[in-house]
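This report concerns only the one structure given below.
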Amino acid sequence: MGSNNLAGTSVNSTREMTRARAIKRFKWITISPIVVIFLVVLMPALILQLYFSFFGWTVYLGSWLDAEFVGFEIFEEVLTDERLGWAVIRSLYFSFGSTVGCFLVGFGLALLMYRPFKGNAFYYIMFIIPMLTVPIVVAYTGEMLLYQNGPINGILSSLLGHDIKVSWLADADIALTTVMIMEIWNWTPFSFIIMIAGLASLPKEPQEAAQILGAGKFRVFFEIQLPLLRPVILLALILRFLEAMAEYPKIWSLFQGGPGSVTETIPVLIYLTTWNYFEISKGAAQSYVVMILMILIVLGAIWVLRREKTNLDQMYK
């Protein structure tokens, strides 16, 4: 009897070791292409960018190998540049607004759709199509719809009963908000997919127990579903926010940073500095400053997600 137990333990131990090796091998296979791309493509670009940040050079100064070492002067100029500060504020405004808008609409659609019903596949397709549309196409389509005598103002005029002439693309006060609306339409499916997956994966037992005890739909939602969904909600918000901070195609194709500079977000400013003004070193330093800012945001997001996972594990226990 004892020998059988030892043999069983030995077999289980061997299986666990094989499984652990298989998981480790799978992780390396998955991450290896990313590591190779980083080392071969991104690392040389980052090193060259760092060189330009410490050596003052523009395309007018001849060979970049002859650039003069200036130390931290360019970083000091960038960090005290009001234009970059305003670009950061605009990017944060655009990212927060579009993230909240995408989430509210996407979560609302997910709540309507997560329970199966006849014909739901058609609605799934319709809701996901905007995310499959190329951003530059979204921008040009929006431009055709939003010009002063265009269809959107025409529809609003018909609904409100008087002539509407909103300058969606020329009014400096609403230009960035106009792009934000396009961004919400374009990326609401992203939040919709994440939230509908989260709703579908919720355990049924706590909800059924609450219903048996007499809890209504709203109470079940706010006291059971919503707390369980918090990690999923945070993940959707964080991923959407990070993507919105890097938004470039729609803003550039519509405004190139204008009217004036009201849509000059971080990506637009870096592009203008590097490729319009040919201040290569300043553009490189701006990129590094923004990269450090984004790293801090990502680290904060990881900390929040880990905390939520810990709280969720304790809730299940």
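What's the FRET efficiency of Val41 with Glu82 using the Cβ-Cβ distance as r and R₀ = 41 Å, to the nearest 0.05?
It comes out at approximately 0.75.
Number of Lys-Lys pairs in the chain under 20 Å by Cα, sequence gap 8 or more or different chains?
Count of close lysine pairs: 4.
What's the ranking of 163-171, 95-103 by average number of surrounding C-beta atoms within 10 Å, highest first?
Descending packing order for the listed peptides: 95-103, 163-171.
Using all alpha carbons of the stretch 252-317, what is the percent of pairwise distances in each 5 Å bin, ordered from the shortest bin to the longest?
4, 16, 15, 13, 13, 9, 8, 7, 6, 5, 2, 1
Among Trp28, Phe117, Ile297, whose Cα sits farthest toward the positive end of the charge dipole of the chain (+1 at Cβ of Lys/Arg, -1 at Cβ of Asp/Glu, about the Cα centre)?
Most positive-ward Cα: Phe117.
Through the Karplus equation 6.51 cos²θ - 1.76 cosθ + 1.60, θ set to phi - 60°, convert the phi angles of the stretch 97-114 into ³J(HN,Hα) values in whole Hz; use x for Gly and Pro.
Along the stretch 97-114, the couplings run x, 5, 5, 5, x, 4, 5, 4, 5, x, 5, x, 5, 5, 4, 6, 10, 6 Hz.
Which of the trypsin sites (Lys or Arg not before Pro) across the stretch 26-96 are loop residues per DSSP, with 14 or fewer other Cβ within 10 Å? Mind showing how you got there, number by number?
Details: sites: Lys27, Arg83, Arg90; in loops: none.
Sparse-neighbourhood loop trypsin sites (Lys or Arg not before Pro): none present.
Can you give the direction-averaged projected area of the convex hull of the alpha-carbon atoms in the chain, in nm²?
Projected area, direction-averaged: 27.0 nm².
Compute the relative contact order of the chain as a whole-number percentage, counting only Cα pairs closer than 8 Å that sit 6 or more residues apart in sequence.
After rounding, I find 27 percent.
In which sequence would Trp57, Trp252 go, from the one with the fewest C-beta neighbours within 10 Å to the one with the most?
Listed from fewest to most nearby Cβ atoms, that is Trp252, Trp57.
Along the three principal axes, how long is the stretch 53-146 when you take its alpha carbons, biggest first, rounded to the nearest angstrom?
Per principal axis, max minus min of the Cα coordinates gives 69, 27, 25 Å.
Of the listed peptides 117-124, 135-142, what is their order by residue-averaged count of other C-beta atoms within 10 Å, with the highest listed first?
Values: 117-124: 10.1, 135-142: 16.8.
Top to bottom by mean Cβ count within 10 Å: 135-142, 117-124.
Going by amide H atoms built from the backbone, whose H comes under 5 Å of the H on Phe55, apart from near neighbours?
For Phe55, the qualifying residues are Val70.
At what distance in nm do the modelled label points of Glu205 and Leu234 sit from each other, each positioned 7 Å from its Cα along Cα→Cβ?
Here the modelled spin labels are 2.4 nm apart.
Each value in this text was obtained by applying a stated rule to the coordinates, not by laboratory testing. The model shown is predicted, which means the values in this text are computed figures rather than measured ones. Note: ideal-geometry Cβ built from the backbone for every residue, glycine included; neighbour counts use all protein chains shown.
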